Structures are given as structure tokens and as C-alpha cells.
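Bear in mind these aren't lab numbers, they're just calculated from the coordinates by the rules spelled out. Computed from a prediction, not measured in an experiment: that's the story for all the values here. No Cβ is skipped: glycine too gets one built from the backbone with ideal geometry, and neighbour counts run over all protein chains shown.
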């Protein structure tokens with residue numbers, strides 16, 4: 001069986017105190033899983049695409065917990081490998097409320113997938129029959145071996161005729177600006193679709209502009225990518241934002257509708273946007289991808305956990321501007 005989309009990255013167990021508690025107050029923790037590439041794969045599965053997630057997991061109950069949740073989300077774990085070494089990464093999430101921002105504490109050092117190296121996965125076999133490969137800068141940030149494995153996967157994907165998308169997703173807690181700029185600068189020429197914020201483009205590569213279009217043109221000129229996608233967000237409060245998506249390709253700029261979002265859980269919204277984007281691009285339609293991505297990302301804000309538990313019908317209802325009356 002082949003899959004439309006292959007995603008490669010880490011998934012961590014997410015632990016969050018309930019009821020807006022601080023970690024030092026907590027007596028219990030809610031358990032979810034989260035990882036950028038899996039979040040995107042799950043979004044594609046919810047849109048009716050076949051998606052598989054590739055990773056290394058520890059051969060222990062936490063690794064099995066992650067794999068169980070991956071399958072529950074409709075994503076194939078057939079290419080996941082288990083190892084007796086390493087551990088399952090954790091992250092702790094504190095939900096904030098204005099004026100206190102939400103915050104994340106990572107406990108992911110020496111996770112199983114952070115020890116990955118080239119040659120661990122049979123990428124030509126994994127990519128057989130697939131159409132798209134998705135990865136983020138988070139995976140490349142896990143270590144030198146991981147960055148080399150990402151490069152190997154991207155090259156194999158291109159050789160197999162797949163489209164390749166990268167979400168830059170710079171995480172200052174994982175690596176320095178200098179390392180991120182060097183590694184991602186070497187990887188981006190192998191992708192066609194780049195998801196990146198204007199601030200990351202400036203921070204890592206010194207690419208600036210008066211607006212998104214100028215920044216996108218700079219990224220295309222520097223790395224040769226075909227499409228650049230970003231998000232727009234106006235944050236009035238921690239739990240109330242306006243959200244939209246924007247894209248630039250072939251000298252044309254596209255923008256989605258703006259959505260007023262009441263935020264239940266913001267994590268994973270950008271990954272949901274990537275899922276909608278890839279969904280449209282698989283049909284050869286960038287505007288469709290941008291519209292589906294923005295709608296799926298807006299809906300993800302309303303769902304606890306990192307995964308986008310939505311339906312195609314809900315996405316299309318948002319696209320059609322249907323209201324908030326209770327559905328009976």
C-alpha cells in the first residue's frame with residue numbers, strides 16, 4: 001500500500017496541568033501527544049488523504065502510547081522503527097491568560113529519534129508510490145545526525161519524483177540562530193514549498209521586506225523554492241486572535257479569508273494550515289490549499305491537544321461562512 005504523503009519527525013508526549021494551573025501547582029497532568037509533522041499528517045488524513053509518519057520510538061510503553069495515538073488519528077505507523085536506546089521526549093504546557101502568556105518546558109534530550117542517522121530508513125522503499133514528503137526545521141534541530149537524515153530524505157524524495165515541503169519552524173530552545181541558518185540554508189534548495197514566517201526569514205537569513213511579498217521573493221531568489229507560505233495573526237488577547245494565511249508563487253500573491261478565532265488550544269494550528277495547503281497542492285491548486293489551510297488552522301484553535309480533530313464538512317462549512325448556531 002502506498003501513501004499520498006510521508007511525514008518525518010519527532011512526536012513527544014505532552015503533559016499539561018488542567019484549569020490554567022502552573023506546573024508548580026499541579027496535582028494531575030492531562031496527556032496528549034504532539035509533533036509538527038504528525039500533526040500535519042493527521043490533518044491530511046482528516047481531509048481524506050492517505051498519510052504515513054516515519055520516526056524512531058523507544059521500545060517501551062511510552063513509545064507504544066505514541067504509536068497507538070498515531071493510528072487513532074488515521075495515520076499509518078508502518079514505517080516507525082523501535083529502538084531499545086533513547087527515550088520518548090516530553091513537553092510540559094502551561095496554558096496562560098492575558099497578561100500571562102502560555103509557555104512550554106521541554107524535556108526531550110536524548111530522545112530516540114534525536115539519535116537518528118542517515119541509513120536508518122529505506123527512503124526509496126518508503127517513498128514508493130507516494131506523492132509528497134513533509135518535514136520541518138524542528139527535526140533537523142534535534143542533532144547533527146537528524147539534520148543529515150533530513151537531508152538524505154529530501155534528496156531521496158526528489159529523486160523519487162515527490163514534491164517536498166518544509167516548515168521552517170525555528171525553535172530557539174533547540175538550536176542557535178547560527179546553526180539553524182547554516183543547516184536550513186543547506187536544506188531548503190531541495191524543497192519546492194516553504195512555510196516560513198517573516199520574522200524567521202529575517203532572523204535566520206537576513207531577508208527582509210516591506211511586506212510578505214518582498215520577503216517571499218527574497219526566499220525564492222535565495223533558495224530556488226517555488227512557493228512560500230506564511231500566516232498572519234492579530235492577537236488582541238491570549239485567547240482571541242484574528243488568523244489568515246498568505247502565499248506567494250510565480251510573481252503572484254494569494255491571501256485567505258481572515259478568521260476570528262476563540263482559542264481553546266493554539267498548538268498545532270500552523271501544522272493544520274500545512275495540511276490544508278498540501279491537500280490543495282496535491283490537486284495542483286495553490287489557492288485551494290491556502291483556503292483549506294487557513295480554515296483548518298482556524299478550526300484547530302478550537303480543539304484541545306495538538307491534533308486537528310475536524311472533518312472535511314466542518315472545513316467546508318467554515319469556507320462557506322456558515323455561522324455559529326448550534327447544529328441540531
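Obtain the nm distance between the two label points defined at residue 234 and residue 120 by a simple spin-label model: each point lies 7 Å from its Cα along the Cα-to-C-beta direction.
For the pair residue 234/residue 120, the computed spacing is 4.4 nm.
How long is the gain from residue 208 to residue 283 if the chain were fully straight, where each residue apart is worth 0.36 nm and the alpha carbon distance is subtracted? Kindly include the intermediate steps, with their values, before the conclusion.
On the way: separation 75, 0.36 × 75 = 27.00 nm, distance 3.14 nm.
Length gained between residue 208 and residue 283: 23.9 nm.
Cut-off is 10 Å between beta-carbons; in what order do 109, 287, 300, 163 appear when sorted fewest neighbours first?
With the sparsest Cβ surroundings first, the list reads 109, 287, 163, 300.
Using only the Cα atoms, work out Rg/Rh for the range 92-198, with Rh taken as the Kirkwood radius, to two decimals.
1.03
Could you tell me the center-to-center distance, by alpha carbons, between the range 205-265 and the range 302-318 in angstrom?
21 Å
If the viscosity is 1.567 mPa s and the temperature 4 °C, what Stokes-Einstein diffusion coefficient in µm²/s follows for the range 1-155 when Rh is the Kirkwood radius over Cα pairs?
On the way: Rh = 16.2 Å.
Estimated diffusion coefficient is 80 µm²/s.
Work out the FRET efficiency for residue 182 and residue 159 from their Cβ-Cβ distance, taking R0 = 35 Å, and round it to the nearest 0.05.
Numbers: r = 24 Å, r/R0 = 0.68.
After rounding, the FRET efficiency stands at 0.90.
Pairs of alpha-carbon atoms within less than 8 angstrom and 6+ residues apart define the contacts here; what relative contact order does the chain have, in percent?
16 percent
Consider just the alpha-carbon atoms of the range 247-328 and return their Rg together with their Dmax, both in angstrom.
12.8, 45
Restricting to DSSP H runs of at least four residues, report the calculated mean residue ellipticity at 222 nm for the chain, -39500 (n - 2.57) per run over all residues, nearest 500 deg cm²/dmol. Before the final figure, lay out each step's value.
Values: 11 runs with 115 residues, N = 328.
Calculated at 222 nm, the ellipticity per residue is -10500 deg cm²/dmol.
How much of the DSSP bridge set in the range 5-319 is antiparallel, in percent, rounded to the nearest 5?
Values: 29 of 55 bridges.
Expressed as a percentage, antiparallel bridges in the range 5-319 total about 55.
If you take the beta carbon distance between residue 148 and residue 65 as r and set R0 to 30 Å, what does 1/(1 + (r/R0)^6) give as a FRET efficiency, to the nearest 0.05?
On the way: r = 28 Å, r/R0 = 0.95.
E between residue 148 and residue 65, to the nearest 0.05, is 0.60.
If the elastic network links every pair of Cα atoms under 10 Å, which of 164, 310, 135 fluctuates the most in the Gaussian network model of the chain?
310
Could you work out which residue, out of 251, 41, 216, moves most in a Gaussian network model of the chain, that is, has the largest mean-square fluctuation with Cα springs under 10 Å?
Checking each option, the largest mean-square fluctuation is seen for 251.
Work out, step by step, the length gained on full extension between residue 1 and residue 260: first 0.36 nm times the residue separation, then minus their alpha carbon distance; give nm to one decimal.
Numbers: separation 259, 0.36 × 259 = 93.24 nm, distance 4.00 nm.
Contour length minus the Cα-Cα distance gives 89.2 nm.
Compute a Gaussian network model of the chain, connecting alpha carbons closer than 10 Å, and tell me which residue from 143, 185, 270 fluctuates the most.
Looking only at 143, 185, 270, the largest GNM fluctuation is found for 185.
Could you give the radius of gyration (one decimal) and Dmax (whole number) of the Cα atoms in the chain, in Å?
Considering the chain through its Cα atoms, Rg and Dmax are 18.7, 54 Å.
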